[in-house]
1. Filter segment B:98-122 down to the residues that are among the aliphatic types (A, V, I, L, M) and over 21 Å from residue B:81 (Cβ atoms) and list them by number.
2. Report yes if residue B:199 is in contact with a Leu (Cβ under 7 Å, 6 or more places away or on another chain) and basic (Lys, Arg), otherwise no.
3. Scan segment A:46-68 and tell me whether some residue there is charged (D, E, K, R), loosely packed, with under 15 Cβ neighbours inside 10 Å, assigned to a strand (DSSP E or B) and modelled with pLDDT of 95 or more.
4. Based on what the data block shows, is residue A:136 touching a helix residue (DSSP H, G or I) at 6+ places or on another chain (Cβ under 9 Å), closer than 26 Å to residue A:231 by Cα and buried (at least 21 other Cβ atoms within 10 Å of the Cβ)?
5. Working carefully through the options B:133, B:101, find the one that is more than 26 Å from residue B:185 (Cβ to Cβ), within 14 Å of the chain's Cα centre (by Cα) and in contact (Cβ under 8 Å) with a residue 24 or more places away in the chain.
6. Which residue out of A:127, A:108 is within 14 Å of chain B (Cβ to nearest Cβ) and assigned to a strand (DSSP E or B)?
7. Can you name the residue in segment B:371-389 that is in a helix (DSSP H, G or I) and within 21 Å of the chain's Cα centre (by Cα) and, of all such residues, is surrounded by the most Cβ atoms within 10 Å (Cβ to Cβ)?
8. Identify the residue in segment A:179-208 that is surrounded by fewer than 24 Cβ atoms within 10 Å (Cβ to Cβ), at pLDDT 95 or above and small (Gly, Ala, Ser) and, among all such residues, is farthest from the chain's Cα centre (by Cα).
Amino acid sequence: MRFVTILALSLFSTTVAADEIWVTNEKDDTISIIDVESEKVIRTIEVGERPRGITFAQDYSVVFVCASDSDTVQVIDPDTGKVLHELPSGEDPEQFVLHPNNKLLYIANEDDAITTVVDVDERRVIAQIDVGIEPEGMAVSPDGKTVITTSETTNMAHWIDTETQKIIANTLVDQRPRHAEFSHDGSELWVSAEIGGTITVFDTETKEEKAKILFEITGVHKDKVQPVGFEKTKDGKYVFVALGPSNHIAVVDPKTYKVIDYILVGRRVWHMAFNADESKLFTTNGVSGDVTIIDVEGLKATKSVKVGRFPWGAAFRPTTK
Amino acid sequence: MVLRTLVVALSFCLLAHQIRAEETIQIGYLEQLVPRPPILSNLDEIPENEGFAGAEIGLSDNSTTGKFLGHSYALEKQIVEEGGDALAAAQTMLKVSPYLLLNAPQEIISKIAKLPEAKNALLFNVSSRATKLRGEACRANLLHTMPSRTMLSDALAQFAVKKRWSKWALIHGAYDADKFYLTALEKSAKKFGVTIVEKKQWNFDADMRRNAAQEVPLFTQDLPNHDMMVIADERGDFGRYVIYNTWIPRPIAGSEGVVPSAWSASVEQHGAAQLQSRFHKEHSRQMRPIDYAAWAAVRTVGEAVTRTNSADLDAVKSYILSDKFALGGFKGRPLTYRKWNGQMRQPIVLSHARAVVAIAPLDGFLHQRNELDTLGLDQAESSCATFTE
């Protein structure tokens, strides 16, 4: 039976790249798996309570899922969908980032104002770092030297030295920071602020604010334009920013920090993931319970795919090696 | 030009009053206990720390931020017994710190705000919903984190219009507070085009726990046809017995049923679940509107201190009233202050015990400046003169 499956898969992979997008459904305790080619949900797997953050190991051998209300990070075999084991994560893990060493997982414990550092091989907590209230956004610099935690109520980006696991700087951002990302070359840190309605760009060398990105959608009050998750294309052309309850994705030029376009998607858009060649972008729309697929070249929404209730996180999984 | 002056003034303050490392930002909390009149039900329990519990959560939020910036905060509480001298207590507290939260009836808040000691102070009304305090009785040193009755009734009127439940029958109690709420409801009805088919005062002095089923149908039988019944019963005396006992089946709102408020235990969107859980962990009970207002007041001071890096009253106050100020308040929109009367702009929750039904401003109620200004006293109708002096 297994042999047949493998055979079928490998046959398949020579013809079409059947890659997947994994979407965590916060209020269904499930993950919906979307086939990138057919743009359909092909599998739904059950996970712990209130799944949010999701990320694959670098070799895609396992997937890590924050099961916030189960107070654990689950390690799942992506082929079978089975939970292999759970990692000690501290309370209420919301979002995390895997260090480039593929060994340390930095987890934001939303209810505890702590960032927990877990060794995923030894399955133990190696450090807990006091951060601001309601930590959420997590980022790691490409060189692995710095990890960022942003705290929603304290309104800061905390810069953590990964050698010492200590905070080396705290920089204020606008109200309710949600997500952080380094630029691909590591020279910039971007932090979105949901209630502030901005993205602050920091120079990572000086940790000084370098630019502020503002958003404006005709016919939508600025209070509803709430930047949350965002993703950058590798070619440095675009940054796609989810604008929450304004139901739009902004397309930002990372060189000029200007918005090029707004794309209408589903309701309360949270996070997103690209497919392998970054020709498609999949956005999770919390309130409408679906995923919008965006054609990156044309900057157009092409399709909505129904998933579970309150889809939140998204991650890409190649199935062809 | 005005803005530029403000910016210059601000930066000057920044230079002049940087917080010293060992300095603690003191915030006072003054509560005047008032006699609670008896109500029919024996079930309601008002927590003793209502208000202060919220201030404590605000303090811990401020302190967490502060520890990364070298700012520390402290709360000082004074509870004045029934018939005690709240003014004297306020005078003492204002000597220690210019930031003072007031959980007291409207008259006392007014008197404290007029004290000479309060001239160079920033007071926060965290309890009174009196519209008057935001109107003719407003004071330049007094901000309001509790929404006014008018904000609540406007929220309810928007909801009714949106649902097309725009014919109201009003039932109100005999107490002053009920009548103030009634006035606010009538005003909101006019503002949003709701028709009040009849209003009727509740006068029964019988014990409704036993005979609501008999009395309420009769009491509501002669009301003209209506879409929604709105109850003004601020003490929670009779309203609860009206639900499911009316002559015709209609949704109920106001003091019972769908209740407009600053905060309710059923709010969970926009990260609110986290504030609720922090509160519950600390105080083992649900967070109430006064707790929320006190939390917001303490956070307002904290936010201004954080951003200006100053504990100086003038710097803090002008920052709070500037366009730069914005506070994340777990209700989906930034909280700011109205420059014409010091009221904190905020979404109003319309909820029942188990869920949020809607959040005002509802979609479609537009405003040239800020949709939140569709709720409560707008600038054009403001009779507050002293505020912008």
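1. In the first step, residues of segment B:98-122 are kept if they are among the aliphatic types (A, V, I, L, M); the result is B:100-102, B:104, B:108-109, B:112-113, B:115, B:118, B:121-122.
Answer for segment B:98-122, where residues must be among the aliphatic types (A, V, I, L, M) and over 21 Å from residue B:81 (Cβ atoms): B:113, B:118, B:121, B:122.
2. Details: in contact with a Leu (Cβ under 7 Å, 6 or more places away or on another chain): yes; basic (Lys, Arg): yes.
Answer is yes for this residue.
3. Pass one, segment A:46-68, residues charged (D, E, K, R): A:46, A:49-50, A:52, A:59.
When the remaining residues are screened for being loosely packed, with under 15 Cβ neighbours inside 10 Å, the result is A:46, A:49, A:59.
Pick out the ones that are also assigned to a strand (DSSP E or B) and you get A:46.
Right, trim to modelled with pLDDT of 95 or more and you get A:46.
Within segment A:46-68, one or more residues are charged (D, E, K, R), loosely packed, with under 15 Cβ neighbours inside 10 Å, assigned to a strand (DSSP E or B) and modelled with pLDDT of 95 or more.
4. Numbers: touching a helix residue (DSSP H, G or I) at 6+ places or on another chain (Cβ under 9 Å): no; closer than 26 Å to residue A:231 by Cα: yes; buried (at least 21 other Cβ atoms within 10 Å of the Cβ): yes.
No; evaluated as a whole, the condition is false for this residue.
5. Working: B:133 fails: more than 26 Å from residue B:185 (Cβ to Cβ).
Going through B:133, B:101 in turn, just one is more than 26 Å from residue B:185 (Cβ to Cβ), within 14 Å of the chain's Cα centre (by Cα) and in contact (Cβ under 8 Å) with a residue 24 or more places away in the chain: B:101.
6. Values: A:127 fails: within 14 Å of chain B (Cβ to nearest Cβ).
It is A:108.
7. Step one: list which residues in segment B:371-389 are in a helix (DSSP H, G or I), which gives B:371-374, B:379-381.
With within 21 Å of the chain's Cα centre (by Cα) added as a condition, the list becomes B:371-374, B:379, B:381.
Numbers: B:371: 21, B:372: 24, B:373: 17, B:374: 21, B:379: 13, B:381: 12.
Looking at residues that are in a helix (DSSP H, G or I) and within 21 Å of the chain's Cα centre (by Cα), I get B:372.
8. A:187
The values are calculated or read from the model by the stated rules, or taken from the named source; none is laboratory data. Note that this is a predicted model, so its numbers are computed, not measured. A quick note on method: Cβ atoms are made from the backbone with ideal geometry, for glycine too, and the neighbour counts reach across all protein chains shown.
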